[in-house]
Amino acid sequence: MVLSYYLIKHPYSVIWHLKRWLGKGEGVVLYCANTLDYHIFAPIQKHLKPLPVVARNRKAQQELRAIGVEASRLPCFPEGVIMCRQAAYRFPAKAIVKIGVSHGAYNFKPFASAESHNLLDCYFMTSSTDVENARKAGIRSAVAVGYPKLDPAFDGTYDETYLNRLRSKLKLDPAKKTLLFTATWDRSGQSAIERWADRLEQFTYRYNVMVTLHPWTSVRFVAAIEKTPGVFFIRGYDIVAHIMLADVCIGDTSSILGECCALDKPIISFKVPPGKRTVSHVHEMIRDFTLQIETFSQLEEAIQQCLDSPWEKQAQRAAANQIMFDKLDGQAGKRAAEEILKRLPRLRKAAN
């Protein structure tokens, strides 16, 4: 548990109760540490009354404003809080209803502490397997709902009209196949970004090339990719539609591979050695549902193999999806909303 929890717990709780006694209590809020949180919650929000947004700090507030979302800032003393992470320590009054939403597809990295999870009344995970693994780690708050972030790919939101507009916006050449490169944080010990970040020009003559990276990626890699002519660097967090445009996805151990798998894309992964952030069964699953290579020199042949036989790992992808998501039906947001309403019924839409 972070030290600030213990430092602010008692004064925060006193203020929280005082505001209620004075009739100045705040309602239910959505806490956002960045715009990714807002995008992840959007498929859930549409099944609930609109929530006021509270940003972690000024930077997050400005980022939210840039996408048209007005937010207040901490401190906040709400009746209930929903967050796309385990940050209940920022709202330490015990009486606050605290609900968390997983911000990744399945848990590709080790769980955060059971203590931080268990400060939440419930924490939504993407599958029953994920919940069972969490319980073995001492996490009692886990509830399986699916992965709401993927709903637009399955509920008709990202239809062919939408995708065609995105293709036009990105200026993708219709005569070329499209590659999507991704990588996890380069300092995690689980990334392969150094094998390709400065060599993408070898592919742009033949393919449309898109890149999405972990937000903490070192500046040197981002700079190398940004200066490569013909590469479209995806700056936002809402990348599901971009994955849908890809013919082949290329990565390492990033949880983005889980999203690519959910969308049944042929995937190439660079093999990385085990480390302290390795989850053994996830590494085995990645090895099964991707075409795994070790060196950059193997990449061209692997891409061609995926284009020639996109169905080659289809059965393995389907099996992995059962482990990671339970259902891919475009209804995960609705299931999450129903769980929220059990705990916070005041959020039921007026129309209901």
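Nothing in this text is a laboratory measurement; each read-out follows from the coordinates by a stated rule. Note that the coordinates shown come from a computational prediction; the quantities given were computed from them, not determined experimentally. Neighbour counts run over all protein chains shown; Cβ positions are idealised from the backbone, glycine included.
One table, with the values for the structure above:
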read-out	value
Considering only segment 174-295, percent of DSSP beta bridges that pair antiparallel, nearest 5	0
Full-extension gain in nm, residue 288 to residue 264, via 0.36 nm per residue minus C-alpha separation	7.3 nm
Of 243, 281, 189, farthest towards positive along the dipole that unit charges on Lys, Arg, Asp, Glu beta carbons give segment 156-325	189
Test item: Cα-centred dipole of segment 156-325, Lys/Arg +1 and Asp/Glu -1 on Cβ, debye	400
For residue 113, residues with placed amide H under 5 Å, excluding near neighbours	none
Rough spin-label spacing in nm, given labels placed 7 Å along Cα→Cβ, for residue 341 and residue 199	5.3
Packing-based ranking, highest mean first, of 138-147, 220-229 given that Cβ atoms within 10 Å are counted	138-147, 220-229
Virtual spin-label span in nm between residue 17 and residue 72, 7 Å along Cα→Cβ	2.2
For the chain, Cys with no neighbouring Cys Cβ under 4.7 Å	32, 76, 84, 122, 261, 306
More than 32 angstrom apart: percent of Cα pairs within the chain	33
Calculated FRET value between residue 115 and residue 316, using beta carbons and R₀ = 25 Å, to 0.05	0.10
Full-stretch length increase - residue 9, residue 160 - with 0.36 nm per residue and alpha-carbon distance subtracted	49.4 nm
Segment 202-216 - phi-based ³J(HN,Hα) in whole Hz, Karplus 6.51/-1.76/1.60, Gly and Pro as x	5, 10, 5, 5, 10, 10, 6, 10, 10, 9, 10, 10, 4, x, 8
Segment 1-144, dipole about Cα centre (Lys/Arg Cβ +1, Asp/Glu Cβ -1), debye to the nearest 20	320
Segment 156-325 - convex hull of the alpha-carbon atoms, volume per residue in Å³	114
Percentage relative contact order, the chain, counting C-alpha pairs under 8 Å, at least six apart	18
Paramagnetic reach from residue 169 in segment 21-56 [backbone N under 18 Å; point 7 Å along Cα→Cβ]	35-43
